[in-house]
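Participant: My questions all concern the structure below.
The values are calculated or read from the model by the stated rules, or taken from the named source; none is laboratory data. Bear in mind the structure is a predicted one, so any value in this text is a computation, not a measurement. Here the Cβ positions follow ideal geometry from the backbone for every residue, glycine too, while neighbour counts run over all protein chains shown.
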Amino acid sequence: MFRPIAAEQLAEAVTAVLTAFRRTDLQRAGIPGSVAIRICENGWPTGPGRSEQQQAAVLETVVRTVAALAADLNIDGYSFFALRDADSTAEGLFHRFGLLRDDYTPKSAFETYRRLINELGSPPVAPH
């Protein structure tokens, strides 16, 4: 679903979608709350009218919201849609989802994601 959501409503929208998915959609499908949800391929592209700073702010809001809901909704993971842009010069919406430009130089969101992983991510499990 691609529709604009005001920045001040983003956390509320993410909360509503994930809560409805867990408590309504999965329940209707007979999938119990003990089955974890993993958020995959989530992202926000850059491009005309979509600044790199906005991408970083959206990422921060979404990841913090998912982390805050994780225990209550049994969310066990989050992954961003694309590490690198497909084509950083293309005008289309689907070419610039990356945290890095197509030449691997970081966008603002790259450091935001790194910081959030360090702050909110699980510590690595030591090998036995």
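Participant: Name the residue, out of Val63, Val17, Val58, that is out of contact with any Pro (no Cβ under 6 Å at 6 or more places or on another chain), over 29 Å from Thr89 (Cβ atoms) and either assigned to a loop (DSSP other than H, G, I, E, B) or β-branched (Val, Ile, Thr) (or both). Steps first, answer last, please.
Facilitator: Details: Val63 fails: over 29 Å from Thr89 (Cβ atoms); Val58 fails: over 29 Å from Thr89 (Cβ atoms).
Val17 is the lone residue from the list that is out of contact with any Pro (no Cβ under 6 Å at 6 or more places or on another chain), over 29 Å from Thr89 (Cβ atoms) and either assigned to a loop (DSSP other than H, G, I, E, B) or β-branched (Val, Ile, Thr) (or both).
Participant: I've got another one for you. Looking at region 1-40, which of its residues are farther than 17 Å from Gly77 by Cα, of a type in the set (A, V, I, L, M, F, W, C) and under 17 Å from the mean Cα position of the chain (by Cα)?
Facilitator: Across region 1-40, the qualifying residues are Met1, Phe2, Ile5, Ala6, Ala7, Leu10, Ala11, Ala13, Ala16.
Participant: Another question, then. In region 45-94, which residue that is out of contact with any helix residue (DSSP H, G or I) (no Cβ under 7 Å at 6 or more places or on another chain) and among the aromatic types (Phe, Trp, Tyr) is nearest to Val35 (Cα to Cα)?
Facilitator: Of everything passing the filter in region 45-94, Phe81 is nearest to Val35 (Cα to Cα).
Participant: Failed condition for Thr105, given (1) loosely packed, with under 14 Cβ neighbours inside 10 Å; (2) in contact (Cβ under 8 Å) with a residue 40 or more places away in the chain, with all others met?
Facilitator: Evaluating Thr105 over (1) loosely packed, with under 14 Cβ neighbours inside 10 Å; (2) in contact (Cβ under 8 Å) with a residue 40 or more places away in the chain leaves (2) as the failure.
Participant: Please state which of the following conditions Ser79 fails to meet, knowing it meets all the rest: (1) in contact with a Cys (Cβ under 8 Å, 6 or more places away or on another chain); (2) touching a residue at least 60 places away in the same chain (Cβ under 8 Å).
Facilitator: (2)
Participant: In region 76-95, how many are assigned to a loop (DSSP other than H, G, I, E, B) and modelled with pLDDT under 90?
Facilitator: Residues of region 76-95 that are assigned to a loop (DSSP other than H, G, I, E, B), as a first pass: 81-83, 85-92.
Within this subset, residues satisfying the condition of being modelled with pLDDT under 90 are 81, 91-92.
Qualifying residue count for the region: 3.
Participant: If you scan region 48-67, which residues turn out to be touching a residue at least 40 places away in the same chain (Cβ under 8 Å) and small (Gly, Ala, Ser)?
Facilitator: Ala56, Ala57, Ala67
Participant: Can you pull out the residues in region 71-98 that are farther than 11 Å from Pro45 by Cβ and among the hydrophobic types (A, V, I, L, M, F, W, C)?
Facilitator: Those that are farther than 11 Å from Pro45 by Cβ and among the hydrophobic types (A, V, I, L, M, F, W, C): Ala71, Leu73, Ile75, Phe80, Leu83.
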